[in-house]
Amino acid sequence: MIAKSVIATLFFLSVLSATGQTTPATHTTATTPSATAATPVYEVFAIRYASIPDFPVSALIAGADPQRKLSIAMTVWLIRGNGRNILVDSGFYRPQFFKQFKVDGFIKTPDAVSQPGIMPAGQPALKPEDITDVVITHMHWDHADGMDLFPRARIWLQKDEYTYYTGEAWQQPRTHGGIEPDDVLAVVKLNLAGRVSLVNGDAQEIFPGITCYTGGKHTFQSQFVGVNTKAGTVVLASDNMYHYENLEKHAPIAQTLDAASNLRAQDRMKQLAASPRLIVPGHDPAVFERFPKISERIVRIE
């Protein structure tokens, strides 16, 4: 039982360092994010689409007691405003993951974003085709597997992340831990269909008031997202910061290619966010206690 847990944890999170890249055909153009009166103000929601119980905290926080366990929140984030419905990460749904992990309270992400309370009263619930964009913070299965569930969405992914995991990562047996082949095939097909935008490095403002930043090397080139809201800049850390404890103890995430890089990313988040309170970790269930509740599964980040 212990061995199975360790293997599952390693598959879920492990990646090993590698080098090299090629040049994809398309990318965004670098811009300098700026806060002006004209910058749109967005609403941000955290949505819990499942939980994985009894997850070892030591797989989240470097140096944590290996006996500690946590029911981790499997989360996506919805950004609404300026005529767009932007999903940050897309969850998972393929059957193989339910064989590998105990999953509680699962709902598919298209159903998760259609729940009451997200749209203003009197407006219809969001449908999958209403999602205009999906920002994938990194290619791990629980963040990228559902990208093909939103038929009209444009996918935003770091250029180096795309290049590595659609190419060189598969030349070695241990450089693609946590990356699902079905998801690689899905993103390639979406790219062939003209629906992928490759984010070209750090501090790229993909829409006014929404900026992608390169993260702390959780995968080959993970990213996190800054969003202009009425409370100021919200930082959606995703797995560049698993848990509030990472930030509070200045402890790197347990699964990173470069612990020092991860800590630098956390320090940068503090500079970017309007308040440390508005830095949102990737899997901490406390997120759903710290912000105003829409329902048991949804909070508004403000």
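Convex hull volume of the Cα atoms of the range 117-238, normalised per residue: 117 Å³. Cross-link check: pairs Lys102/Lys217; Lys230/Lys293; Lys127/Lys270 evaluated at a Cα-Cα cut-off of 25 Å; pairs beyond the cut-off: Lys102/Lys217; Lys127/Lys270. What the phi angles of the range 257-269 give under the Karplus curve with 6.51, -1.76 and 1.60, with θ = phi - 60°, is a coupling list of 6, 7, 4, 5, 4, 5, 5, 4, 5, 4, 4, 5, 4 Hz, glycine and proline written as x. For the chain, the antiparallel share of DSSP beta bridges with both residues in that region comes to about 75%. Residues whose amide H falls under 5 Å from that of Ile279, counting only those 5 or more places apart or on a different chain, are Val235, with hydrogens built in the peptide plane.
For the chain, the mean residue ellipticity at 222 nm estimated from helices alone is -5500 deg cm²/dmol, where every DSSP H run of n ≥ 4 contributes -39500 (n - 2.57) and the total is divided by all residues, rounded to the nearest 500. The string of couplings for the range 72-87 from the Karplus curve (6.51, -1.76, 1.60, θ = phi - 60°) is 7, 7, 8, 10, 10, 10, 10, 10, 10, x, 6, x, 10, 10, 10, 9 Hz, one whole number per residue in order, with x for Gly and Pro. Distance distribution note for the chain: the fraction of Cα pairs above 27 angstrom is 35%. Shape class of the range 215-290 from the Cα gyration tensor (axes a ≥ b ≥ c, square roots of the eigenvalues): prolate, since a/c reaches 1.5 or more and a/b is larger than b/c. Full extension of the chain between Asn200 and Ala274 gives 24.1 nm of extra length, using 0.36 nm per residue less the Cα-Cα distance.
Shape of the range 86-145 from the C-alpha gyration tensor: oblate (a/c of 1.5 or more and a/b not above b/c, with a ≥ b ≥ c the square roots of its eigenvalues). Residues whose amide H lies under 5 Å from that of Val135, counting only those 5 or more places away or on a different chain, are Leu87, Val88, Asp89, Trp156; hydrogens are built 1.01 Å from N in the peptide plane. Between Asp65 and Arg174, full extension at 0.36 nm per residue minus the direct alpha carbon distance yields a gain of 36.6 nm. For Ser71, the residues whose modelled amide H falls within less than 5 Å of its own, excluding neighbours fewer than 5 places apart on the same chain, are Asp54, Phe55. The apolar share of the surface of the chain, taken as the fraction of accessible area on carbon and sulfur atoms (1.4 Å probe, ligands and nucleic acids excluded), comes to 53 percent.
For the pair Asn82 and Asp111, label points projected 7 Å from Cα toward Cβ lie 3.3 nm apart. Note that the range 45-171, at 10 °C in a medium of 1.306 mPa s, gets a Stokes-Einstein diffusion coefficient of 99 µm²/s from its Kirkwood radius over C-alpha pairs. Placing pseudo-labels 7 Å out from each Cα toward the beta carbon at Val103 and Val188 gives an inter-label distance of 2.4 nm.
In terms of packing, defined here as the mean over residues of other Cβ atoms within 10 angstrom, the peptides 283-296, 157-170 line up highest first as 157-170, 283-296. Modelled label positions at Thr39 and Glu289, each set 7 Å beyond Cα in the direction of Cβ, lie 3.2 nm from each other. Seen from every direction in turn and averaged, the convex hull around the alpha carbons of the range 155-302 projects onto 9.7 nm².
The values are calculated or read from the model by the stated rules, or taken from the named source; none is laboratory data. Source: prediction; values computed, not measured. All Cβ positions, glycine included, derive from the backbone under ideal geometry; neighbour counts span all protein chains shown. The area values use the complete protein model at the heavy-atom level, side chains included, leaving out ligands, DNA and RNA. Shrake-Rupley method; radii C 1.70, N 1.55, O 1.52, S 1.80 Å.
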